[in-house]
Every structure is written in C-alpha cells, then in structure tokens.
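Participant: Would you mind keeping the following structure in view while I ask a few things?
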Amino acid sequence: MLQLIVIAWRNVWRNARRSLITMITLSLGVAGLVGLNSYRQVAFDMILHDVTAGLIGHIQVHGLGYQEAPAVTTVVKHPVQVEAALRGALPGALVERRVIGAGLAGAGDRSAPVMMLGLEPGPSHLYRVVEGELLSAARTVLVGKELARDLEVGVGQEVVLVSQAADGSVANDRYRVGGIFVSSSAELDAAAVALPLAEAQSFFALGEGVHQIVVRLPTERDDVSAEVSAVRTALDLKTLEALSWSEILPEMTQTIESKKKSKGVLDFVIFLIVGLGVLNAMTMAVFERTHELGVLASLGTRPRRLLAMVLLEAFWQAAIGFALGVVIATATLYAVGTVDLGTIMQGDIMGVRMPSRMVLRLYPETLIGAAFTSFLTALLGALIPAARAARLKPVEALRHA
C-alpha cells in the first residue's frame, strides 16, 4: 500500500500545471466554505449570547400559562423554593427573579408607553449603566437611553409610572431616575424602566410573587433540552412551566435552522463546480496515460490497484488543496479582523439587537465539514476516470498512442 501511495504522489506532479490548477480550485472552494461558515458562526454565537445573557436567558420558569398569555396576575408564587429547586437541578447556573409589567411613564409634559422590569439590585447581565448608578436604592429607577431621550429626563429627575396592579387597583407612583442604561435590545433601550425587585412587587401588589425566574447556564450552547428536562423534573408542572430560549423565540430558531440549510446548499454549489474540475483533470490524466496503464495491466497489475492509484492521486490533490484553503481562509479572517456592521444592520430582529461589530475568527468546527466535503468531492470526481482505468483491456490500451 505504501508503494501505491508513493506512486500516486509522483503521478500528481507528472503534469504539475494541471495538478496545481486542480489544487488551487479545491483550495479556493475550501477557503470559501471555511471563511463564510466561520463568519456565520460568529454571527450566530453573538446573537445567541445576546439572547441568553440578556432578556431571555437559557431557560425561563413562569406561572403556568404565562408564556401563551402573559398577565400581571400569573406569577411564580414561591420563588425562593423554586430557585432552590433550580440550583439543585442545575449546579453552577445563575438564577434571577423578575417582575414584568406594562404601563405609562411620564416626566413633565411628556409620556410614553413602557415596559417595567423588576430586577434584583446590583450589576445585571441585562443592561449596562452608561450614566448614573446601578439599580440599588429604594424608589429609584433606571431608564433606557432612548426612552430617557424621548421623555427628556436625566439622572436625578423624577418620573411617574402608572399601570394596573394584580389586585385590579390602579398602580401609580413617583420615582427618582438613578441611572440611564443600554442593553442588547433596542426595544428595551426605547421602552424599558427598571425598578428594584421589591419596589416592582409592591407596585404591582404581587407579594413575594414574580413573573419570571431566568436561568443562565455556565456554558454557551444552543441546545439546552437536557437542562430543560432536568428543570421540569424538579418543578411542580401543575402550577409552573419551564421553557428553553428556543421555545420562547421559535421564530429565531426557525431562522437559524433555515440559515444552516442554506449553508448546505452553498456547500453543494461550490463543490459541484470543484467536482467538475476534478473530474475533467483526472479524465485527462487517465486518457493521457492509457498506454502506460495498459502496460501495468499486462504485467499483472490488478484492476483494483489501478483504481486505488487514481483515487489516491485525487486524495493527494484534495489534501494539498484543503491545507492551502485553510491557510487562505485563516489569513483572510484574521486580516479582516473586525467587521463594522453599524451602518448596515441596526435595530432588533425578534427582540435581539443585531451585532454592530463582529470579530472574525476561525471556527474549528467548520474545518470538519469542509474537509469531508472537499475529500468526498475530489474522490467522487475521480471515481469515473478511476473506474475507466480499472476496466481497461491491456490489448486495447497498448494500441493507444
């Protein structure tokens, strides 16, 4: 076998120009696949991070029916016990309680519809304070940057919040603006007011109840079905529901899946072109060596060894083309570095802000698919010429000039 590999390697360079053209074609196909798929994976990872680190989290626990029909009265009644169960089912996970309600905010002669978020005091994964202080003191709120601009309100000024409480009464109160924040969602920046959790529970007359318990896992993964199953096993599903981020945002899941399917179509188109190039090159190589192959066959070389020799030539070319393609893709990705999408993509898609800057890098996972596709394409492209070489009859091949 080793001798056959060496012979195939020598045959690759018998017509160096044609072999180089074939290998360059393969390398460009590999570079295109690795580069484009790495770009896509960077975008998917950034969107997933914003989803799971922001408003949604990896998993959410609600009162039964809240996801289908959110209502201020549908709450998790005993959040402390539920948090203990979640930490037992998912060691290392971060758990956060939230209150969510809709209402109006007013400052001076301006008003706007808002989403009121009751959050635990201190630093948050949901937002970043750009002016003022963190959410901490009683009777203070944080206001989204765009909302603060619309209301013309700043740190230290007052806003009035009005909504409906869980007991049917009108909820209204006056709060001091403690800070201005930005988040991973343009919608939150334009319409959110954050209150300390206890203030929100009091405002909406919820007692100790909360609307959401958000779970963030210590690892970034899109498939959290195993963790969701563990959570559901630990909870009383007669009064509670546990949903993954993909169940909360099914449209986003469908969009990502459709993008992955389109990736497969692109792979096919690129290497259909490459495969035709390999087929043409190997057909010419076999045709030019028909007499030589006839000599080998007349000397007792078995057809399967002739078949293997031609396929090994294609394998060598695929290996070199793949290596060159990876080098080209890596150099291109790191040379480009950061892509500024701020002037192209702005706003939210399904509640998630599209990334304005992407730092490109090579994803090792993309190499597996590219390697499989490139080697398979090269071998399939060489299969017909290899089969022709194996079926050559020595007498007819020896007559070939």
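Participant: So, Arg289, is that one modelled with pLDDT under 70, under 20 Å from Asn15 (Cα atoms) and surrounded by 18 or more Cβ atoms within 10 Å (Cβ to Cβ) or not?
Facilitator: yes
Participant: Which of the numbered conditions does Asp109 fail, given that it passes all the others? Conditions: (1) under 28 Å from the mean Cα position of the chain (by Cα); (2) among the acidic types (Asp, Glu); (3) surrounded by fewer than 19 Cβ atoms within 10 Å (Cβ to Cβ).
Facilitator: Of the numbered conditions (1) under 28 Å from the mean Cα position of the chain (by Cα); (2) among the acidic types (Asp, Glu); (3) surrounded by fewer than 19 Cβ atoms within 10 Å (Cβ to Cβ), the odd one out for Asp109 is (1).
Participant: To continue, here is another question. Looking at this structure, is Ile5 among the aliphatic types (A, V, I, L, M) and surrounded by fewer than 19 Cβ atoms within 10 Å (Cβ to Cβ)?
Facilitator: Yes: the conditions hold for Ile5.
Participant: Can you pull out the residues in segment 175-201 that are in a helix (DSSP H, G or I) and over 25 Å from Lys77 (Cα atoms)? First the steps, then the outcome.
Facilitator: Taking segment 175-201 first, the residues in a helix (DSSP H, G or I) are 186-191, 197-201.
Within segment 175-201, Ala186, Glu187, Leu188, Asp189, Ala190, Ala191 qualify.
Participant: Restricting to segment 26-58, give me the number of residues that are touching a helix residue (DSSP H, G or I) at 6+ places or on another chain (Cβ under 6 Å), among the aliphatic types (A, V, I, L, M) and not in a loop (DSSP other than H, G, I, E, B).
Facilitator: Residues that pass the stated criteria total 6.
Participant: With the condition kept exactly as written, say whether any residue in segment 150-158 is touching a Ser or Thr at 6+ places or on another chain (Cβ under 8 Å), at pLDDT 90 or above and farther than 28 Å from Thr52 by Cα.
Facilitator: Yes.
Participant: It is to be established whether one or more residues within segment 59-77 are in contact with a helix residue (DSSP H, G or I) (Cβ under 8 Å, 6 or more places away or on another chain), closer than 29 Å to Val359 by Cα and buried (at least 18 other Cβ atoms within 10 Å of the Cβ).
Facilitator: Checking segment 59-77: at least one residue is in contact with a helix residue (DSSP H, G or I) (Cβ under 8 Å, 6 or more places away or on another chain), closer than 29 Å to Val359 by Cα and buried (at least 18 other Cβ atoms within 10 Å of the Cβ).
Participant: Residues in segment 69-98 that are under 26 Å from the mean Cα position of the chain (by Cα) and assigned to a loop (DSSP other than H, G, I, E, B): how many?
Facilitator: 4
Participant: Just to check your reading of the model, which residue among Ala171, Ala230 is in contact (Cβ under 8 Å) with a residue 60 or more places away in the chain, in contact with a helix residue (DSSP H, G or I) (Cβ under 8 Å, 6 or more places away or on another chain) and over 24 Å from Gly54 (Cα atoms)?
Facilitator: Ala171
Participant: Evaluate the following for Gly122: is it more than 25 Å from the chain's Cα centre (by Cα), crowded, with 16+ Cβ neighbours inside 10 Å and either among the small types (Gly, Ala, Ser) or part of a loop (DSSP other than H, G, I, E, B) (or both)?
Facilitator: no
Participant: Mind counting the residues in segment 202-241 that are part of a loop (DSSP other than H, G, I, E, B) and among the hydroxyl-bearing types (Ser, Thr, Tyr)?
Facilitator: Number satisfying all stated conditions: 2.
Participant: Examine segment 16-25 for a residue that is charged (D, E, K, R), within 30 Å of Ala386 (Cβ to Cβ) and in a helix (DSSP H, G or I), and state whether such a residue exists.
Facilitator: yes
Participant: Which residue pairs have Cβ atoms closer than 7 Å, lie 6 or more positions apart in sequence or on different chains, and pair a first residue in segment 127-151 that is surrounded by fewer than 22 Cβ atoms within 10 Å (Cβ to Cβ) with a second residue that is assigned to a loop (DSSP other than H, G, I, E, B)?
Facilitator: Glu131/Val155; Gly132/Val155; Leu134/Gly122; Leu134/Pro123; Ser136/Pro121; Ser136/Gly122
Participant: Please go through segment 3-15 and pick out each residue that is polar (S, T, N, Q) and not in a loop (DSSP other than H, G, I, E, B).
Facilitator: Gln3, Asn11
Participant: Let me ask another. Against the conditions (1) touching a Gly at 6+ places or on another chain (Cβ under 8 Å); (2) surrounded by fewer than 16 Cβ atoms within 10 Å (Cβ to Cβ); (3) more than 30 Å from Tyr175 (Cα to Cα), where does Arg87 fall short? Just the number, please.
Facilitator: For Arg87, the exception is condition (1).
The values are calculated or read from the model by the stated rules, or taken from the named source; none is laboratory data. No experiment lies behind these values; they were computed from the predicted model shown. In this analysis, Cβ positions are derived from the backbone assuming ideal geometry, glycine residues included, and neighbour counts consider all displayed protein chains.
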